[in-house]
1. Among the residues of segment 212-242 satisfying the criterion of being small (Gly, Ala, Ser) and buried (at least 16 other Cβ atoms within 10 Å of the Cβ), which is farthest from Val88 (Cα to Cα)?
2. Only one of (1) at pLDDT below 85; (2) open to solvent by 10 Å² or more (accessible area, probe 1.4 Å); (3) part of a helix (DSSP H, G or I) is not met by Ala410, so which one is it?
3. Just checking, how many residues over segment 656-677 are closer than 20 Å to Ser478 by Cβ and either surrounded by 20 or more Cβ atoms within 10 Å (Cβ to Cβ) or touching a helix residue (DSSP H, G or I) at 6+ places or on another chain (Cβ under 9 Å) (or both)?
4. Filter segment 66-100 down to residues that are modelled with pLDDT under 85 and in contact with a Ser or Thr (Cβ under 9 Å, 6 or more places away or on another chain) and give me whichever is farthest from Met56 (Cα to Cα).
5. Could we say that Val62 is open to solvent by less than 20 Å² (accessible area, probe 1.4 Å), at pLDDT below 95, β-branched (Val, Ile, Thr) and closer than 28 Å to Ala174 by Cβ here?
6. I need a count of the residues in segment 146-166 that are exposed (fewer than 15 other Cβ atoms within 10 Å of the Cβ) and out of contact with any Ser or Thr (no Cβ under 9 Å at 6 or more places or on another chain).
7. For segment 708-717, indicate whether the set of residues that are surrounded by fewer than 20 Cβ atoms within 10 Å (Cβ to Cβ) and not small (Gly, Ala, Ser) is non-empty.
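The values are calculated or read from the model by the stated rules, or taken from the named source; none is laboratory data. In this text the structure is predicted, and so the values were computed from the model without any measurement. Cβ coordinates were reconstructed from backbone atoms using ideal geometry, including for glycine residues, and neighbour counts include every protein chain displayed. Heads up: the accessible areas ignore ligands, DNA and RNA and are worked out on the full protein's heavy atoms, side chains in. Shrake-Rupley method; radii C 1.70, N 1.55, O 1.52, S 1.80 Å.
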Amino acid sequence: MDELRLALRRVFARPGVAAASVLTLAAAIGAAAAAYSLIAAVLLRPLPVKAPDRLMVVGTTVTAGPAAGTLDDNFLYPDYPQIRDGGVFEHVTAEWGRPLALLTNTGGGPAEAAVAFASYDFFDTLGIDVPIGRTFGSRDDQRGAPIVAILADRYWRRALNADPGVLGKTIAIAGKPATIVGVAAHGFRGLNLAAAPDLYLPLHVIGDVGGPYVNFLADSNHQNSPTAGLKIIGLLPPHVLPAQAAAGLSGLVGSPGGRAARSLGMTPIDVAAIASVARAGTSEFTRLLMLTVGLLLLIGCGTVGMLLLVRTEARRNEFALCLALGASRTRLARGIALEGACLSAAGGVLAVPIAWWLFAGIRMFQLPGGVEIEQLDLRLDARAVALTAGAAVLGALLITLVAGVFGFPADAGDALRSRAGATPRRTRRLTRAVLVVGQVAVALVLLAGAGVLARSTMAALRLNPGFDTANLVGGAVSLDRSGYTPARADAFFDGLIARLQGNPAIRSASLNETRGGMSGTLTIDGVPHRLPSTVGFTAVDGQYFRTLGAPIVSGRGFTANDSEHAPPVGIASVSFARLLAQGGNPIGHRITMPFRYPPAPAPVIEIVGVVPDLITSVTTLEPLLLYLPLAQQRPSTNGAVLVRASGDPDAARREILSAIKGIDPAVASGPLLTIEDRLARQMSAQRFGTAVLGALGTMAALLTLLGTYVLAESMAALRMREMGIRAALGATRGHLGAIVLAETGRLVGLGLAAGLIMAWAGAGVIRAFMFRVEPLDPMTLATVSAAILTLALAVSLRPALRAARVDLGRVLKED
C-alpha cells in the first residue's frame, strides 16, 4: 500500500504529464473498445439468435455461366414446402427477403415503414423473444386472415413512443387495418443488417398488402409471372454437420427457384447477415479498422512509456543511491510498474466515455453493403468492457517494459555518469529514438490512408464535370401504395409538376420513370448484339433534359410531336450511342425493345438524339441508357420527380414535400437526394474510413509531436554540459540549435522512411476501397510527410533555442 501511495504521489507530482498520458491511453483504449463493438455487431455476433451454429440460410450456387460461384438465397414460394417437408432440417421457416416500403399510419399520419413478412414459426425457430405480447399463430399466416403485426422494438419506441398499451391497437398498413399483437426483443434487426424491418406481418399476408404488380406467392391466376424473393432458414438437428445436411438437400428442388444451372447449399445465418456481394468488402474494412486501432494502441502505449522513461531516467541518481543503500532492484522496478499501472487504470476508466463519444460520431456512416451503423445500436457490453480492461492491462505491461527495462539503470556507476558531465549512453538515447521513429511511421500510414480515401471520395463527386449536380434534387413517388389508378396517377403528377414549376425555390421541374433494364442480348437494326452491361430504359417528359442541364450532343430532343400515336423514338446516352454506332453516326439506328404489351408487337425505337452520360453509380462509369418519351409509354402509378433548385437544395426538398402533401396528404415520397448525395452514399465506406483514419491519424500525429518534443527537450537537458563546452570552444548559437533540430530531422526522416515501407506493405489492405486513386499516391504521401516533418521541427524549436542559449558558467554552478 505504501508503494501504491508513493506511485500515486509521483504521478500527481507532474499533473500536466500525467493528464497527457491518461488522455493518450484513454483515446487509444476507447478506440479499441469502439472498434471491437463495431466488429462484433457486424461479424462476430450480428444476430441475437439462440443457435447460430445450427441455423442455416438455404441458398443456390450458380454452377455455370458468367455468374458461376455466386450465391443467391431468393426462392420461389413453391420451393418452400419442398424444403420444409424434405426431412433435412429439424425446423424450417421463411421470410420475404427484403422488407417492403409500405405506407403505415400509427395515428400520426401516413409514413413509409419497412414491413417484413415471415412465416408463423419464424420467431420461435430463430429463438427470438417477443417480451411484449405473442408471436404469430398458424391461423394468422393464411390468405384473408385478419392482419396482425409484431413491431420491432426500435419502431415501437420511435413511432409509438414506447406505448405500454400498444397490444391490441389497430394501425393501417397499405390502407388495411392491422392489430398489434407483439413487440420483438430489443436488438433484433432482422436477418439482413442492411435492411432492418420496422414491423413484421405473417408471410401469406404479403399477397394482400404487397401490391398487385408482384406475384409474391406464385399464384397461378396472377397477371405476372412468379417472383423469386423468399428466404428459407433451416434449423439443423443436433449433431448433424452442415456438410451432411447440404448433401441431403440435393434433389429436393429439381431446379432451385425455377432456374437451371444451380445447386442447393447453405450458409450460416450469422454469415448470411451480410449480402454475399458485400461480405468480402466488409471483411476487408474490418481488417483495416483492426489494424488501424492496433497501431494507435501501440503508439499510445509507446508514447506514455517514453514519458515515463524520461521520468525514470531523471531519477537515476535516486535509484543509484537506493541500490547503494541495499534496496533490491525488484522493489524499485515494482514502483515503476505501479506508476504505469496507475496511468493505465485511469486511461481505461476514461476510455469508456470516449468510446461512447466515438459511437455517436460514427453513427451517421454506412459500412460496405449498405449497413447503417446507426441501426447496429452499438454499446459497450460485458465483452467490450472486458476488452477495455484487457487493453489497459496490456498498456500497463508495455509502458512498464519501456520505462522499466530500458530506463532502469544497470549499475550505480552508469547512473552517476552524468555527474561527470558525460552525454548519456547511446543505448539509452536509442530507445527513445526508436519509439519516436515508430510513432512517425504510424502517423504517416494513418494520415496517408485518410488522405487517399478522401481523394477517392472527391474523385467520385467529380464524375459529372459537365453537370451542376449539387442543385439537382430528385426522388421516387409511388402511388400504387395509396390505391391510385394510372388515370388518377397521371392527374396527380401533372398537378405536382405544375406546382413545382411555379415555385420560386425551383428553377425547373420534370418527371421521369425507370422502365427497367436489359442485359444479355439486344436486337439492334434487326441483328442481336451481345451487351457488355445492362442497358437501362428511362421514360422522361419534355422538361427532363433542360432540368438536368444536359445538352443535345447530336440529333434532336423530344418534342410535343412525340406523342402516344407518333412513331416510337429514343435518345441514347453517349456510351450507348457509341455501342450502337461502332464509330459511326448513331442517329437512325433502330432498337427492338425487350418488352411488349399484347396484342401489340414489341415496339421498335428509332434513335433521334444523343445526350451526355450522367453517372449515378460509381460502379458504372459508362452508363448505357436509352431515354424514351413519357407520352409514348403505358400509363403507370409510379414516377420520380427531378428538380433544379434555384439556390438551396434543402429548400427545394421542402417545397417538393409540401407540394406532394398539398395534393394528397396520404402520399409519401422516397428519399429526395441530389446526384452528389447519391454518389456520396455509395462512397460511404470511403467516407467512414476517412473519418476513422483521419481521427486516429490525428491522434497519432499529436502523440508523435508530443514524443518528438519530449525527446528533443530531454536531449537538450541531458546534453546541456556538452552544449556549454561547445559554446566555450566557439560554437555559435545557430550551430548549437541546429544540433537539436538535426537530431529531430534525422529521427523524423527515419520514421517517414519506415512509414513509407509500412504503407507499401499495407497497400493491399486499403486497395479494395480506392476509386481512381492509388494507395501509394505520391501527392498524398509527399503532403503528409512534409506536414509531419514541418510540425516536428516546429515543436523542437523551443528545446533548440534553449540549447542555443546555454551558459557554461551557469551550468557548472547548477551542477
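1. By that ranking, first place goes to Ala218.
2. Single failed check for Ala410: (3).
3. 15
4. Applying the filter and picking the extreme gives Ala68.
5. Here the answer is no, as Val62 does not meet what is asked.
6. 6
7. Yes, there is a match, as at least one residue in segment 708-717 is surrounded by fewer than 20 Cβ atoms within 10 Å (Cβ to Cβ) and not small (Gly, Ala, Ser).
Residue by residue, here is whether (1) of a type in the set (A, V, I, L, M); (2) modelled with pLDDT of 80 or more holds:
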{"residue": "Asn192", "(1), (2)": "no, yes"}
{"residue": "Pro197", "(1), (2)": "no, yes"}
{"residue": "Leu236", "(1), (2)": "yes, yes"}
{"residue": "Leu252", "(1), (2)": "yes, no"}
{"residue": "Ser255", "(1), (2)": "no, no"}
